[in-house]
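These notes are about the structure you will find just below.
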Amino acid sequence: MNALKNKERRPAGRGQAAAGTRPSRGPAGQARSPSPKPSGRPPEKAAKPAPEKAAKPTQAAPVETRALLSRNGERPAERVPVILESAGAGDFHLIDSGNGLKLEQYGPYRIVRPEAQALWQPSLPAHLWEKADAVFTGDTDEDGMGRWRFPKEALGETWPLSLAGVDFLGRFTAFRHVGVFPEQIVHWDWMKARVEEAEREKERPVRVLNLFGYTGVASLVAAAAGAEVTHVDASKKAIGWARENQALARLDKAPIRWICEDAMKFILREERRGNRYDIILTDPPKFGRGPNGEVWQLFDHLPLMLDICRELLSSKAIGLVLTAYSIRASFYSIHELMRETMRGAGGAVESGELVIREAGLDGKSPGRALSTSLFSRWVPA
């Protein structure tokens, strides 16, 4: 039951949530439905790219399941609230926000997209906003079809970007996303540091599982640091995009397994096989469908997903990371779920929000912080 991160988590999924895709991405605390992932059309037609849609059989395909395991022992220590802040990095920064919109810099382009959590007035004058290269218009809901308007000139469908030292493609999709969720860079930096530390100590190659992996930027960051990566997403289109990114990042020979499958089916099979991972990243959508019609509902399936993920952690586990977008919930809900899931494992659970701070036109002028998602992360002692 992966979902394409509709997280960008989350396009068909980033609307195909059930299968390792990542559907709708919206501000924390605001329910959104899945948005499909990238499509490949030329600029003039990019305005109306065909969204990636999971097949909708008349009856949802049955999904394997198992009972939740009984957990004993003390709950891990807690660190709350934790606010993980990014001021931008590489080719991205948030220029300004307000009036339900955000003005962002992605490489050479300034982009305007809807942002319901920007309740305040913009800091910059309107004429600077009007100089944007691309503006997403149409349905303001994450799962709504929209189109890109290019005020200056028609732009190509894709363009090169770089974050965390990894090159990849940005893309104008019909569901407002551009192929990356830059607020996640705080998790990527954490993961990169842990992988490189293990490399220096020559313990072993760190094994990373990236569920609902979308366009693969996190997987490429992990692989570039020296990890062996298993990337799971239900969308064939997202996997194709991720492979394009792998080539652009010059990581063709990196040990990455690209798995196009329903996330829940995959992790249940991995549990039966006894496979283990040192770091697990999971960025499920609120709702989604897998490639065979499997249905994912975050509040229904998240407890079991985390329960299985705990079983997949190795004896020298480094961390289990959960990011949740587009839900009407407090971070405390996923915080307490993570602590219950990790009973008896020791360590600590740190939970809170991911935020991006405005950085102005120059990328160096701190402004207001914009909340993007909830997160919870278990780390060993």
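Key figures
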| read-out | value |
| --- | --- |
| Of all DSSP beta bridges in segment 148-260, antiparallel share, percent nearest 5 | 40 |
| Of 265/316; 202/316; 192/316; 102/131; 102/236, those spanning more than 19 Å from alpha-carbon to alpha-carbon | 265/316; 102/236 |
| Distance between modelled label sites at residue 297 and residue 368, nm, 7 Å Cα→Cβ extension | 3.5 |
| Spatially proximal aspartates and glutamates relative to residue 286 (Cα-Cα < 16 Å; intrachain offsets below 8 disregarded) | 8, 141, 142, 143, 233, 262, 294, 300 |
| More than 13 angstrom apart: percent of Cα pairs within segment 64-111 | 74 |
| Fewest-first ranking of 177, 127, using other Cβ atoms within 10 Å as the exposure measure | 127, 177 |
| Neighbourhood charge, 15 Å Cβ-Cβ cut-off, centred on residue 121 and excluding it, Lys, Arg +1 and Asp, Glu -1 | -1 |
| Neighbour-count order for 109, 214, 332, 277, fewest beta carbons within 10 angstrom listed first | 332, 109, 277, 214 |
| Set of aspartates and glutamates near residue 253 by C-alpha distance (under 16 Å), chain-local residues within fewer than 8 positions excluded | 167, 228, 244 |
| Range of Cα positions in segment 110-205 per principal axis (Å), largest first | 53, 32, 27 |
| Dmax and Rg, reported as Rg then Dmax, of segment 198-265 (C-alpha, Å) | 11.9, 38 |
| Segment 296-381: equivalent-ellipsoid semi-axes (sqrt of 5 x gyration tensor eigenvalues, Cα, Å) | 29, 16, 10 |
| Segment residue 200-residue 121, length gained on full extension (0.36 nm per residue, minus Cα span) | 23.7 nm |
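Coordinate-derived values only; no laboratory data. What you see is a predicted model; the values in this text were computed from it and never measured. Glycine also receives a Cβ, built like all others from the backbone with ideal geometry; neighbour counts cover every protein chain displayed.
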